[in-house]
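Beneath this line is the structure, given in structure tokens, with notes to follow.
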Amino acid sequence: RLHILVSQLAEQPTASIPQACGTWASTKAAYRFFDNPKVSHSDILTGHRLACLDRVAPEGLALVLQDTTSLDYTHHPQTKGLGRLEKAECQGLFVHSSMAVSEAGVPLGLLDQQVWARDPETVGQRHQRKKRPIEEKESYKWLKGLRATLKGLPDRVCVVTVADREADIFDFFLEAENLSTQVLVRAAWDRRLADSSDYLWEAVARTPVRGRYTVEVGRAKDRLPRQATVIVRYTSVRLRPPRHRLHEPGLHPLPLYVIEVREENPPPGEEPLHWLLLTNRPVSSLAQAQRYVRWYALRWLVERYHFVLKSGCKIEDRQLETGDRLQRCLGVYAIVAWRLLWLTYQARITPQAPCT
């Protein structure tokens, strides 16, 4: 039934479930599948993950892009099993995806996807976040994604997890060190350094410029695409553990490398490009720094994936009455959305391949 559903929904991803299934008997079978308590979201993605591992293995290097999005079902007020979203008046589910892509920018599949509804009892605990262990926080998703990514991967495959500023968490870098895996994260916090009284941003600003080059700046809602000339700095640092956790056993300064990319002369009215990237991969040359910057630029592919899930697959329009059914439905559409994204970018890499 799962094979049939994926095929049917992939042929008409924007259609309603009855339209995509075609017949009443097939539609009833689909709804029975989504209502089956013996089926789970993770079960549905098991085969897809195994196929993704097969696609990753020949690459030698896999970039795993982590990102979170929310599915808003506020317009389905009778749906049970949902939780509060970013706004108190909205309800729905959160989805955290770990998607593997090749260095050429072709999506290879999902290695992990977490989905949950916020517990109403945890609302309002943000001000206590410094007192709670990471396992009790929603940000634990980053560490879980890191661990799940490595399961079953061949030793010969180098994995680099790429994430935005939300993943700038000391425990995330510590977990990467413990798992002997590599990460590339955009910095969000001006952290204290272990070897001096300096802070991160100040130390980077004093580092000499290592080179200049031109990068492509993509289109955004409020920005036209353009070419930007940027300066590059990089250096090694040791990040001190958070001040409120210095008493914890096992915490120690983390050795990392930092890369700064800054646009010197942006067009009038345009926000200058400025990234500060943290990684546990060595950075000893301008060519290496540029390579890692290219990797981080691929991170937006996971945002495109979530966009395809919402716009191309209409996942927020599905009316299945309960959160559990919606999670099973998400598992099926997660595969469909990846396939649509893969077709798009594979076609750009191999434009002469036959459409069949």
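Below are the figures for this structure:
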| read-out | value |
| --- | --- |
| FRET efficiency, residue 121 to residue 14 (Cβ-Cβ, R0 35 Å, nearest 0.05) | 0.40 |
| Centroid-to-centroid separation of segment 34-60 and segment 233-299 [C-alpha atoms, Å] | 33 |
| Amide hydrogen neighbours beyond the local backbone of residue 109, cut-off 5 Å, H modeled | 100 |
| Residue pairs, from the table 151/314; 80/151; 28/141; 28/151; 28/314; 87/151, whose Cα atoms sit over 29 Å apart | 151/314; 80/151; 28/141; 28/151; 87/151 |
| Lys, Arg +1 and Asp, Glu -1 on Cβ, resulting dipole of the chain about Cα centre, debye, nearest 20 | 140 |
| Crossing angle, helix 323-349 versus the chain [Cα axis fit, 0-90 degrees, rounded to tens] | 60 |
| Packing-based order for 207-214, 161-168, using average beta carbon neighbours within 10 Å, highest first | 161-168, 207-214 |
| Förster-model FRET efficiency, 41 Å R0, residue 132 and residue 50, C-beta, rounded to 0.05 | 0.70 |
| List 102, 284, ordered by accessible area with a 1.4 Å probe, largest first | 284, 102 |
| In degrees, nearest ten, helix 24-35 long axis to first principal axis of the chain (Cα) | 50 |
| 18 Å Cα-Cα reach of residue 144 towards aspartates and glutamates, excluding residues that sit fewer than 8 places from it in its own chain | 43, 67, 112, 135, 136, 164, 166, 168, 171, 175, 177 |
| Cα-based shape type of segment 274-325, given that a ≥ b ≥ c are square roots of the gyration tensor eigenvalues and the cut on a/c is 1.5 | prolate |
| Option label - Rg and Dmax of the Cα atoms in Å computed here, alternatives [x] 21.8, 70; [y] 26.4, 87; [z] 20.3, 64 | [x] |
| Helix-derived mean residue ellipticity, 222 nm - over the chain, DSSP H n ≥ 4, -39500 (n - 2.57), to 500 | -10000 deg cm²/dmol |
| Angle between the chain longest axis and helix 170-179 axis [Cα atoms, degrees, rounded to 10] | 80 |
| Per residue accessible area of segment 142-285, 1.4 Å probe, in Å² | 53 |
| Sites residue 43 and residue 75, calculated FRET efficiency, Cβ-Cβ separation with R0 41 Å, nearest 0.05 | 0.90 |
| Sorted peptide list for 200-206, 297-303, criterion being average Cβ within 10 angstrom, highest first | 297-303, 200-206 |
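The values are calculated or read from the model by the stated rules, or taken from the named source; none is laboratory data. Given the structure is predicted, the values throughout are model-derived calculations rather than measurements. Glycine also receives a Cβ, built like all others from the backbone with ideal geometry; neighbour counts cover every protein chain displayed. Note: accessible area is taken over every heavy atom of the protein model, side chains too, but ligands, DNA and RNA are not part of it. Shrake-Rupley method; radii C 1.70, N 1.55, O 1.52, S 1.80 Å.
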